[in-house]
């Protein structure tokens, strides 16, 4: 495994040296995960696109005064969930802007009209509705959360997630991407990872590369994730996501990470993180499946036959058959997983609560992957 100094020394690695680095990462992936590459068939439910943060690269978030701003109704949520279930989806990924009610009186009033004091209150009920009125598993990505909020969400969600993005404090300074974004303060995001660990929540996190961070800061971000996992053991997957430039944002003209940058970062992540942590790369943001497989990933993340990638709506999901073909060409086999990885299913008394265990076990085959596979 790489030390911090060894990882930092990989900055700018190219050519044959990069190929060898990727081979080392692939060997670790094969030793721990075998020839099995996974994905999750899901629907994405963006509960609200309002947020108190204003990141310089984001087009998802809308101001409450925008005609495009919304909070999804229960009926709208259930329609997506029901349609997704008919298409073989097994997971509902709830995403939402962070704490808009703390910044905007309009949002606070809208929630009050619905009978809620916060978006998390509404999220808890939305997850319960999924459990009560569908056969799917809720997964929540609600940003930074308090210990009490995580405690309330655990019985109604199979797993949770939040991108760390970066531990760089520089990016909070005026002129950088996280300026005036209180929920992007690294210590707040790290505290959420720790709180999820204290409450034994199967958790997804990750880094976002190309937003102005240095290579050393990428290394430090991955080390911070790994240290928390070594203490609590709850981080089931880490996403390495590449920044995609979008029109009408402050970063519209910024350079996107190239393929070698992604390969270098993926391989480095595999060599820093505990081998039990799944390494994931979104397949719709570069569509270089073979190169990602050869850099040590073992998972392609969530893919939906119904809903868009609401954060990157211009990047269509690949066909599952395309991923399966790429895996086969690499000597691997694509398999559909559930929102909770097998390791955490086997320790259900610790990591699962409420009605989640019985729901999960009814959907899983003996090895913990999805009993009904779609390719």
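The values are calculated or read from the model by the stated rules, or taken from the named source; none is laboratory data. Values in this document were obtained by computation on a predicted structure and should not be read as measured data. Don't worry about glycine lacking a Cβ; one is built from the backbone with ideal geometry, like all the others, and counts go over all protein chains shown.
Some notes on this structure:
- Here the helices (runs of 4 or more DSSP H) wholly within the stretch 3-86 that include at least 3 residues being closer than 25 Å to residue 208 by Cα and in contact with a helix residue (DSSP H, G or I) (Cβ under 9 Å, 6 or more places away or on another chain) are 4-8, 15-33.
- Test: residue 375 is surrounded by fewer than 18 Cβ atoms within 10 Å (Cβ to Cβ), in a loop (DSSP other than H, G, I, E, B), modelled with pLDDT under 95 and under 17 Å from the mean Cα position of the chain (by Cα): no
- Enumeration of residues in the stretch 187-209 that are closer than 16 Å to residue 138 by Cβ and part of a helix (DSSP H, G or I): 196
- When the stretch 146-164 is filtered for residues that are out of contact with any helix residue (DSSP H, G or I) (no Cβ under 7 Å at 6 or more places or on another chain) and surrounded by 22 or more Cβ atoms within 10 Å (Cβ to Cβ), the ones remaining, listed by number, are 154, 159, 161.
- Test: residue in the stretch 183-203 that is under 23 Å from residue 3 (Cα atoms), under 17 Å from the mean Cα position of the chain (by Cα) and surrounded by fewer than 17 Cβ atoms within 10 Å (Cβ to Cβ): yes
- Subset of the stretch 135-147 [touching a strand residue (DSSP E or B) at 6+ places or on another chain (Cβ under 9 Å), assigned to a loop (DSSP other than H, G, I, E, B) and more than 13 Å from residue 359 (Cα to Cα)]: 142, 143, 145
Residues are listed down the side, and each one gets a yes or a no for (1) in contact (Cβ under 8 Å) with a residue 12 or more places away in the chain; (2) assigned to a loop (DSSP other than H, G, I, E, B); (3) closer than 14 Å to residue 7 by Cα:
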site: 222; (1), (2), (3): yes, no, yes
site: 231; (1), (2), (3): yes, no, no
site: 241; (1), (2), (3): yes, no, no
site: 249; (1), (2), (3): yes, yes, no
site: 252; (1), (2), (3): no, yes, no
site: 256; (1), (2), (3): yes, yes, no
site: 264; (1), (2), (3): yes, no, yes
site: 271; (1), (2), (3): yes, no, yes
site: 276; (1), (2), (3): yes, yes, no
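- Condition met for residue 197 (without any contact (Cβ under 8 Å) to a residue 40 or more places away in the chain, in contact with a strand residue (DSSP E or B) (Cβ under 8 Å, 6 or more places away or on another chain) and within 30 Å of residue 344 (Cα to Cα)): yes
- Among the residues of the stretch 165-182, the ones that are free of Cβ contacts under 8 Å to residues at least 60 places away in the same chain, more than 25 Å from residue 279 (Cβ to Cβ) and surrounded by 15 or more Cβ atoms within 10 Å (Cβ to Cβ) come to 1 in all.
- Qualifying residue in the stretch 113-134 (condition: assigned to a strand (DSSP E or B) and modelled with pLDDT of 95 or more): no
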